[in-house]
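One structure is given below, encoded as structure tokens.
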Amino acid sequence: MLKVISSGLSPNTKATDVIIALEALILKRHWKDPLQLHILKKWFASRYNSDQVYLFNSGRSALYFLLKAAGVTKQDEVIVQAFTCIGAINPIIWIGAKPVYIDIDPQTYNLDPDLLESSITSKTKVVIVQHTFGIPAAISKIKKICQEHKIILIEDCAVSIGAFVGKKEVGTYGDAAFFSFGRDKIVSSVSGGAAIINNLKHFANLDELYREILEPSSNWVYQQLLHPVAMAVILPLYLIQVGKILLVLLQKIKLISKPYEELEYSGGKPESYPRRYSPALVPLIMHQLRQLDAMDARRVFNASYYGENLIKGAVYLRYPVLVKNREQILNKAQRAGIYLGTWYDSVINPAGVTLSNFKYKKGSCPVAEDIAGRILNLPTYARLTVREIKKVRDIVND
Ligand SMILES: Cc1ncc(COP(=O)(O)O)c(C=O)c1O
């Protein structure tokens, strides 16, 4: 049977992840075990040399927590790049602060550092730097500007865990950083996230604020653990439609979760954010974190089939290409069982959201808008065979 190839659809779930999820579901392993959270915190503390690690149900919860702890209020402005997603913007909106969008550098799809200084006002409190597709941003230059203007720098490492700039990993440059364990990220426990603090002087009441955050519901934990099990059934049946129908059905009856709740598409804040992480998910995420460097190396290896001039230190969660005839390529690929990614086919993904709800003014970031009209993402995940990668490449190049 033809295997589905997809940039999304839980690309790094393997048989071992399904077994771990089943164990947690059936034996109810570690559901209330604080030692599990300690193990995960220790991994981050040791890798990033940070004593302050906080765990959440998502990257968005982690960012919301960091903005609160940084003292961001309704009066403040937070600088972000266009060419991003609602998950990265909503926490700013939820606090009531104003997101100020900066255009991107077309070489890296990241915030253009040459545009930063002119966007800073007396209200700018934080700059959030995203490392898009696992490609590192010009973080040293941005950090210098932030330091000169006494602005807090937060690194959005949601899609770039393991990427490097020089000898230092992304996540170690900012005053703080956050990570995502979302379903189509570099490492995944379906949902989840972490925040690390590198420079305590900009953040206050961290422990008090964290204590106020609720645990996730048991229902949510069930949904996350069922996801890899469901995908093990869905993926082999995806191309004969049965898998696709099953996925929609399971999401509809809420046996598994969707990536966003309805409210979030218009900037609303569901009750489920922010929440803490669950110990029940730690075995899943630790299993992947232990393979992180090997998985990232494999992604870079796979990306090398798509292009020659890879950016040093990038980990290529997805390999971006710009095309003229996107719809045609997407359709042709689908007919061959390949679902290419479309991050970010709107300056704020997903396409179709009302940009003014996220305080984005049309025409304000022309490079990001142009690229959003031409972008496609090719899959790089470790399970792909070289034959499959060449098949993707041929379809796009044809
Ligand atoms: C760049 C970026 N930042 C932040 C987030 C939010 O992460 P999460 O989905 O874990 O809340 C995402 C999610 O897709 C993202 O792509």
Inset, instruction - Give the range of the longest stretch in the chain that excludes all GluC sites (Glu not before Pro) found in loop regions by DSSP and having at most 15 other beta-carbon atoms within 10 Å. - result: 1-260
Legend entry - Dipole magnitude (debye, nearest 20) for the stretch 134-217, charges at Cβ of Lys, Arg, Asp, Glu: 440 debye
Legend entry - Full-stretch length increase - K324, A336 - with 0.36 nm per residue and alpha-carbon distance subtracted: 2.3 nm
Legend entry - Residue-averaged 222 nm ellipticity for the chain, from DSSP H runs of 4+ at -39500 (n - 2.57), nearest 500: -11000 deg cm²/dmol
Legend entry - Summed residue charge, Cβ within 13 Å of V127's Cβ, Lys/Arg positive, Asp/Glu negative: -2
Inset, instruction - For the chain, give the magnitude of the charge dipole about the Cα centre (Cβ charges: +1 Lys/Arg, -1 Asp/Glu; no others), in debye to the nearest 20. - result: 700 debye
Inset, instruction - Distance check, please: which entries in K14/K332; K74/K125; K68/K123; K98/K123; K150/K185; K258/K391 exceed 20 angstrom between their Cα atoms? - result: K14/K332; K150/K185; K258/K391
Inset, instruction - Add +1 for every Lys or Arg and -1 for every Asp or Glu among the other residues with Cβ under 12 Å from the Cβ of D175, and state the total. - result: +3
Legend entry - Part-to-part distance (alpha-carbon centres) for the stretch 212-266 and the stretch 92-128, which is given in Å: 33 Å
Inset, instruction - Note down the net charge around F358, summing +1 for each Lys or Arg and -1 for each Asp or Glu among other residues with Cβ under 11 Å from its Cβ. - result: +2
Legend entry - Semi-axes of the equivalent ellipsoid for the stretch 30-212, Cα gyration tensor, largest first, Å: 25, 18, 15
Legend entry - Square roots of 5 times each gyration tensor eigenvalue, C-alpha, the stretch 45-88, largest first, Å: 22, 15, 11
Legend entry - Modelled FRET efficiency - R0 25 Å, I26 with I240, Cβ distances, 0.05 increments: 0.30
Legend entry - Modelled FRET efficiency - R0 22 Å, E271 with D33, Cβ distances, 0.05 increments: 0.30
Inset, instruction - Let me know the charge dipole size of the stretch 30-212 about its Cα centre in debye, to the nearest 20, where only the beta-carbon of Lys, Arg (+1) and Asp, Glu (-1) is charged. - result: 380 debye
Inset, instruction - State the extension gain, in nm to one decimal, for the chain segment bounded by E388 and T16, taking 0.36 nm per residue of separation less the distance between their alpha-carbons. - result: 131.7 nm
Inset, instruction - Go ahead and run the numbers for FRET between D51 and K252, Cβ-Cβ distance against an R0 of 45 Å, rounding to 0.05. - result: 0.55
Legend entry - Square roots of 5 times each gyration tensor eigenvalue, C-alpha, the chain, largest first, Å: 30, 27, 20
Inset, instruction - List the trypsin sites (Lys or Arg not before Pro) within the stretch 160-245 that fall in a DSSP loop (any state other than H, G, I, E or B) and whose Cβ has at most 14 other Cβ atoms within 10 Å. - result: K167
Legend entry - Inter-part distance where the stretch 325-398 and the stretch 186-202 are each reduced to a Cα centre, Å: 26 Å
Inset, instruction - Indicate the helices, whole DSSP H runs only, in the chain that combine a mean Kyte-Doolittle hydropathy of 0.0 or more with a Cα extent along their long axis of 20 angstrom or more. - result: 218-237
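Bear in mind these aren't lab numbers, they're just calculated from the coordinates by the rules spelled out. Predicted, not measured: the structure shown is a model, and the values here were computed from it. Every residue, glycine as well, gets a Cβ built from its backbone with ideal geometry; the counts of neighbours run over all protein chains shown.
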